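Here is the structure we will look at.
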Amino acid sequence: MLQNRCDIHTHTLYSRHAYSTLRENVLAARDAGLELLGVTDHFSDMLFPGTDLTHADLRDYQHFVNMGIWPRTWEGVRLLHGMEADIRTLEGGLFGQAVTVTHDITGRPARRERSLYDRMLHNCDYVIASVHYKNFADGASLAQTTEMYLGALAQPKVLVLGHTGRAGVPFDVRAVVGEAARTGRLIEINEHSLESRGPEGRTWGSCRAIAEACAELGCGVVVNTDAHVCTAVGRTPTALAMLEEIHFPQELIATRSAAALLAAMAKAGLDVPGE
Ligand SMILES: [Zn+2]
Ligand SMILES: [Zn+2]
């Protein structure tokens, strides 16, 4: 039986189409027996209609600015500060990288020029890079979409490629998984991508093929819920069943324990937060 004791892809009320508070997610993580919870709200123009893709006011992003005040351990659960950033270009550029911060959280003009993405990283331990709105990739070649994921893997603080099996953007799985293995980045096996219809579902085959490539090429994975309500936190039975079906090695599951996840962060060159 495969073990999974961390969930590092979860959402709170900040994401607008998610429904639980930070504390509700922490309590659910504790009750599910997790050692570590990562909270990764959307960092995306899906949150605010009319988002300007060149300029931003930090008053719209205060959630990420102040994550540093969260306890590092809460109800016995280690807590990581993350975000799920949208991949926005075929070069793997992320939301916020082409956006200049114009105003700080009090509404004063910003004192120095920097990108919204860089500003958000200050209190952020790691980033999950995911494709949600894939219009920019319409008609792209496999070579281009592969470059997109390789580019995203190389962005500052990106630890995980999120739900690649359901994003609807085909890519060269072996090339991307191989690069992730080489650089210590992690591929997500996402419960939400698999649970709705199980093996009959649209994304089961693509998720399984990605997991098989990870096993073959020695690439670490994270098994996450992508919970948008606290009752889902820490529950990954479908993803684990799929991994068991292909005899996936336990030691490649970075979410098997808090210690393994923190070691994977260090291997990827990220700062490991204290307790
Ligand atoms: Zn969402
Ligand atoms: Zn998500």
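Listed by position, the helices (runs of 4 or more DSSP H) contained in segment 116-208 that have at least 1 residues being closer than 21 Å to ALA98 by Cα and of a type outside the set (A, V, I, L, M, F, W, C) are 116-120, 142-153.
Criterion applied to GLY151, GLY198, GLY220, GLY184 was being small (Gly, Ala, Ser), at pLDDT below 95 and farther than 20 Å from HIS11 by Cβ, and the one residue passing it is GLY198. Tell me yes or no: at least one residue of segment 77-91 is away from ligand 1 (no atom under 14 Å from the Cβ), touching a Leu at 6+ places or on another chain (Cβ under 9 Å), more than 18 Å from VAL127 (Cα to Cα) and in a strand (DSSP E or B). Checking segment 77-91: at least one residue is away from ligand 1 (no atom under 14 Å from the Cβ), touching a Leu at 6+ places or on another chain (Cβ under 9 Å), more than 18 Å from VAL127 (Cα to Cα) and in a strand (DSSP E or B).
Applying the set (1) part of a loop (DSSP other than H, G, I, E, B); (2) more than 26 Å from ARG111 (Cα to Cα); (3) within 15 Å of ligand 2 (Cβ to nearest atom); (4) not charged (D, E, K, R) to ASN4 leaves exactly one unmet item: (3).
Yes or no: segment 224-231 includes at least one residue that is in a strand (DSSP E or B) and modelled with pLDDT of 95 or more. Steps first, please.
Just the residues of segment 224-231 that are in a strand (DSSP E or B), to begin with: 224, 227.
Pick out the ones that are also modelled with pLDDT of 95 or more and you get 224, 227.
Within segment 224-231 (the criterion being in a strand (DSSP E or B) and modelled with pLDDT of 95 or more), the answer is yes, since at least one residue qualifies.
The values are calculated or read from the model by the stated rules, or taken from the named source; none is laboratory data. Every value quoted in this text rests on a predicted model; they were computed, and no experiment measured them. Reconstructed Cβ throughout: ideal geometry from the backbone, glycine too, with neighbour counts over all protein chains shown.
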